[in-house]
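Read the structure below first, then the notes.
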Amino acid sequence: MSSQPKQFNRWAVFAAAWIIIFCVSSVAIYSVFSDPMTKAHGWATSDYNLAYSLYTLIFALIAIYAGGITDKYGARVLMYVGGVLFGLGWFLTGYVQSIPMFYVTFSLIAGGGAGLMYNSALVTAVRWFPDKGGKISGLLLSSAAIGPFILSPVSATLIERMGVVSSYQILGIFYTIAILLTGWLLVSPPADYRPKGWNPDQSTSGSTSTGTVMNYNWKEMLKSPLFYLLFLTLVSASTAGTMMVSSASIIAQDQIGLTAAAGAIIVSISTLANFVGRLSFGVIYDKFGDYAALLVSLLMTIAALLLMTVAKDYTFFAICIILLGFSFGGLLVVFPPLTSKSFGPKNLGINYAIVFVGYSGGSFVGPRIASYYKETTGAFTSAYVSAAVLTAIGIMLVGVIMYMNKKRLEKSAI
């Protein structure tokens, strides 16, 4: 079995991926720019939020292409190209004067750059740690929460002191430099890499009854009913989280009367809870299993959404945001190792990128629900209930998957 190349320490690869995901996940500060941008240009909130939905769609589609390149050639070149595009998109967004141009600079250019990098960096690092499962996924994705936690108040301060144009430019330059300085470390491990002393348990969903790991290519994965169930589960489960990512600051200002600066603090609270959730669910995943962790995440999401409907003061609202951020962090930790377990690690780059399109589906639905109900009813209450219903559908889909897995195991035992 292949051993780890001496010239590359897997923790250096982890560190590079962590920094890149930190930068790419800055899209979670999107709501901090909402009020300044819409007021400066006279845009409707729904038009502004559509940019986020388009961003995640382009992100997900480009990530499929990037996943195939990562599986065949590695992720390093993608980090260079993606880093330039991502930073350029943020930089140019500061100059836009119209919604169509906003969609080009932010959704297309920045979203395309993010799509080249995010999953490719994540998958490359995860492949170096087959012995750490959910824990390494949680640690890696904690950067996606720490980034917005730090950058949300920083962005609010930049906007207040320097204006929205300069804020976009400064962030664009920062992202480009940080990604280019670390991207060269994203090197893939040898084929069939195993860390020294690690003897894996072969009893996974992607294994045959004889213990041989099945590595599905993307065409084989698309023929599996499990793929569609996982895909629809991710769509349903990500709706609530993406709704809050795009609108957290605006919701806080509207529902409990906070200022824009205080709304940015709510975004930071949400991302801090998200960070704790990512770390916690990595442990929950390894200790209790994939679907148990997923169910816990979904049940917490429903509870938080229903509580949001009656949150009228800062403390209670913050508690709801903490619950929702914690559970949403767990969702994104579970799916990368779950995809590897279900369809094998060999083609994880492109397979997870395809599964991740489900997240863009939730990203389209969530912000649109928030905008629609705010504009038609004057409040976000109905949006919370709708997102809770979709999350409940996700729970039912997980139940179907668990039933199918039980029947499969019973059949293989005969």
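Quick check on the stretch 397-414: of everything there that is in a helix (DSSP H, G or I) and surrounded by fewer than 11 Cβ atoms within 10 Å (Cβ to Cβ), which residue is nearest to the chain's Cα centre (by Cα)? Looking at the filtered set, the residue picked out is TYR403. With respect to (1) assigned to a helix (DSSP H, G or I); (2) surrounded by fewer than 20 Cβ atoms within 10 Å (Cβ to Cβ); (3) modelled with pLDDT under 85, the lone exception for LYS6 is condition (1). Whether any residue in the stretch 361-384 is part of a loop (DSSP other than H, G, I, E, B) and either touching a Gly at 6+ places or on another chain (Cβ under 7 Å) or touching a residue at least 24 places away in the same chain (Cβ under 8 Å) (or both) is what I want to check. Yes, the stretch 361-384 contains a residue that is part of a loop (DSSP other than H, G, I, E, B) and either touching a Gly at 6+ places or on another chain (Cβ under 7 Å) or touching a residue at least 24 places away in the same chain (Cβ under 8 Å) (or both). Quick check: anything in the stretch 367-377 crowded, with 16+ Cβ neighbours inside 10 Å, among the polar types (S, T, N, Q) and at pLDDT 85 or above? Among the residues of the stretch 367-377, not one is crowded, with 16+ Cβ neighbours inside 10 Å, among the polar types (S, T, N, Q) and at pLDDT 85 or above, which makes the answer no.
Would a scan of the stretch 132-144 turn up a residue that is of a type outside the set (Lys, Arg) and more than 30 Å from PHE14 (Cβ to Cβ)? Within the stretch 132-144, not a single residue is of a type outside the set (Lys, Arg) and more than 30 Å from PHE14 (Cβ to Cβ). Of the set (1) out of contact with any Asp or Glu (no Cβ under 8 Å at 6 or more places or on another chain); (2) in contact (Cβ under 8 Å) with a residue 40 or more places away in the chain; (3) among the hydrophobic types (A, V, I, L, M, F, W, C); (4) farther than 22 Å from SER152 by Cα, all apply to TRP11 but (2). Applying a threshold of 7 Å to beta carbon distances and a minimum spacing of six or more residues, or different chains, the list of pairs starting in the stretch 142-160 at a residue that is under 14 Å from ILE170 (Cβ atoms) and ending at one that is of a type in the set (Val, Ile, Thr) and in a helix (DSSP H, G or I) reads LEU151/ILE29; SER155/ILE29; SER155/VAL32; ALA156/VAL32; LEU158/ILE170. If you go through the stretch 61-85 and keep only what is part of a helix (DSSP H, G or I), farther than 20 Å from PHE22 by Cβ and not charged (D, E, K, R), you end up with LEU61, ILE64, TYR65, GLY67, GLY68, ILE69, TYR73, VAL77. How many of the residues in the stretch 41-56 are modelled with pLDDT of 85 or more and in a helix (DSSP H, G or I)? Looking only at that region, the number is 7.
A Cβ distance below 7 Å, combined with a sequence gap of six or more or placement on separate chains, defines the contacts here; from the stretch 180-193, residues that are modelled with pLDDT of 90 or more reach residues that are polar (S, T, N, Q) in the pairs LEU186/THR124.
The lone criterion from (1) surrounded by fewer than 19 Cβ atoms within 10 Å (Cβ to Cβ); (2) over 21 Å from the mean Cα position of the chain (by Cα) left unmet by ILE265 is number (2). Is it fair to say PHE129 is within 18 Å of the chain's Cα centre (by Cα) and in contact (Cβ under 8 Å) with a residue 40 or more places away in the chain? Considered against the rule, which asks whether it is within 18 Å of the chain's Cα centre (by Cα) and in contact (Cβ under 8 Å) with a residue 40 or more places away in the chain, PHE129 comes out as no.
Residue check: is GLY147 buried (at least 21 other Cβ atoms within 10 Å of the Cβ), modelled with pLDDT under 85 and either in contact with a helix residue (DSSP H, G or I) (Cβ under 6 Å, 6 or more places away or on another chain) or within 16 Å of PRO36 (Cα to Cα) (or both)? Yes: the conditions hold for GLY147.
Annotation: of all residues in the stretch 291-310 being closer than 17 Å to SER340 by Cα and surrounded by 24 or more Cβ atoms within 10 Å (Cβ to Cβ), the one that is farthest from the chain's Cα centre (by Cα) is ALA293. Here is the figure for the stretch 301-320: residues that are in a helix (DSSP H, G or I), β-branched (Val, Ile, Thr) and free of Cβ contacts under 8 Å to residues at least 60 places away in the same chain total 2.
Say whether the condition of being small (Gly, Ala, Ser), at pLDDT 90 or above and closer than 19 Å to TRP11 by Cα is met by at least one residue in the stretch 99-114. The answer is no; no qualifying residue exists. With the requirement that a residue be modelled with pLDDT of 80 or more, surrounded by fewer than 18 Cβ atoms within 10 Å (Cβ to Cβ) and farther than 22 Å from LYS132 by Cα, what does the stretch 201-225 give you? Residues satisfying the conditions are ASN217, LYS219, GLU220, LEU222, LYS223, SER224, PRO225. Is it true that some residue in the stretch 24-35 is at pLDDT below 90 and more than 20 Å from ARG368 (Cα to Cα)? Yes, the conditions are met somewhere in the stretch 24-35.
The values are calculated or read from the model by the stated rules, or taken from the named source; none is laboratory data. Keep in mind that what you see is a predicted model, and the values were worked out from it rather than measured. Note that each Cβ is placed from the backbone with ideal geometry, even for glycine, and that neighbours are counted across all protein chains shown.
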